[in-house]
Amino acid sequence: MQAVNICVVGDELVMGSGDPRGSGWVGRAVSHTELPFGSHVHVLGRVGESTQDLSDRWEEEVLPRLERNSDNRLLVGVGAADVYSDLSTARTRLNLANILDLAMRHDLAPMVVGPPPIHCSDLNHLRQISVAASEVCQRRQIPFIDTFTPLVRHDQWLDDLALSDGTLPGQAGYGLMAWIVLHRGWYEWLDLPARQ
């Protein structure tokens with residue numbers, strides 16, 4: 001089986017910031033996956049990264065890490081930075097579309113994980129970002145995993161956020177995000193059997 005080379009880009013949520021275990025949702029998802037021998041996962045997050053910032057820098061981070069004999073994939077984690085940066089939903093949509101279109105030109109198989117419902121200045125704007133990301137992916141037949149809808153009223157998620165300043169989940173919250181990712185398209189995206 002061909003090795004998989006996954007580059008993960010996004011903000012502090014893909015890096016697992018705030019997780020006492022230090023693995024975040026990405027680490028938890030990977031630990032529940034039997035990747036082929038020789039596979040690599042590169043977590044290339046940056047704190048406070050908006051889709052505009054990501055659009056400007058992702059290629060210089062990802063392209064040098066592509067491997068000729070691997071199945072190269074791009075995982076994009078969308079967070080709340082567009083809300084904090086006061087980017088319009090239309091701008092978010094355009095930025096994400098540009099990232100995904102370029103990824104496919106580079107023969108990367110992309111997937112997008114939408115923003116979870118963290119405490120921010122405008123939760124409705126964050127919801128709109130999630131919907132916009134979903135629509136961008138749907139038009140391109142790219143997998144999208146919605147974390148906003150299943151978590152927005154989830155008691156364990158809300159309790160976990162309450163233990164911090166509300167902008168980052170902790171161990172329980174990252175576990176919930178990983179569970180959603182694993183059960184809503186992760187294995188299908190990687191073309192791998194689900195771990196028993």
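The values are calculated or read from the model by the stated rules, or taken from the named source; none is laboratory data. In this text the structure is predicted, and so the values were computed from the model without any measurement. FYI the Cβ positions are ideal-geometry reconstructions off the backbone, even for glycines, and counts take in every protein chain you see. Side chains are part of the model used for accessible areas, which takes the heavy atoms of the whole protein and leaves out ligands, DNA and RNA. Shrake-Rupley method; radii C 1.70, N 1.55, O 1.52, S 1.80 Å.
Label positions at residue 195 and residue 57, each projected 7 Å from the Cα along the C-beta direction, are separated by 3.0 nm.
Spin-label pair residue 138-residue 163: with each label point 7 Å from Cα along the Cα-Cβ axis, the two points sit 3.5 nm from one another. List the trypsin sites (Lys or Arg not before Pro) within the stretch 22-75 that DSSP assigns to loop and that have no more than 14 neighbouring Cβ atoms inside 10 Å. The qualifying sites are 68. Starting at 0 and stepping by 5 Å, how many percent of the alpha carbon pairs of the chain end up in each bin? With a bin width of 5 Å, the distribution comes to 1, 8, 17, 22, 22, 17, 9, 4, 1, 0. Legend: calculated FRET efficiency, residue 172 to residue 40, from the Cβ-Cβ distance at R0 = 35 Å, rounded to 0.05, equals 0.80.
Per-residue ellipticity at 222 nm from helix content only, as computed over the chain with -39500 (n - 2.57) for each DSSP H run of at least four residues, stands at -13000 deg cm²/dmol.
In plain terms, the chain is cut at each of the GluC sites (Glu not before Pro) found in a DSSP loop with at most 15 other Cβ atoms within 10 Å, and the longest leftover piece is 68-196. The distance between label points at residue 31 and residue 3 comes to 2.4 nm (points 7 Å beyond Cα on the Cα→Cβ vector).
Accessible surface computed residue by residue for the chain, with neighbouring protein chains in place and a 1.4 Å probe, gives 47 Å² per residue. With a sphere of radius 15 Å drawn around the Cβ of residue 42, what net charge do the other residues whose Cβ falls strictly inside it have (Lys, Arg +1; Asp, Glu -1)? Spelling it out: positives minus negatives among the neighbours equals -1. Near residue 128: Cβ cut-off under 11 Å, other residues only, Lys/Arg at +1 and Asp/Glu at -1. The net charge is -1.
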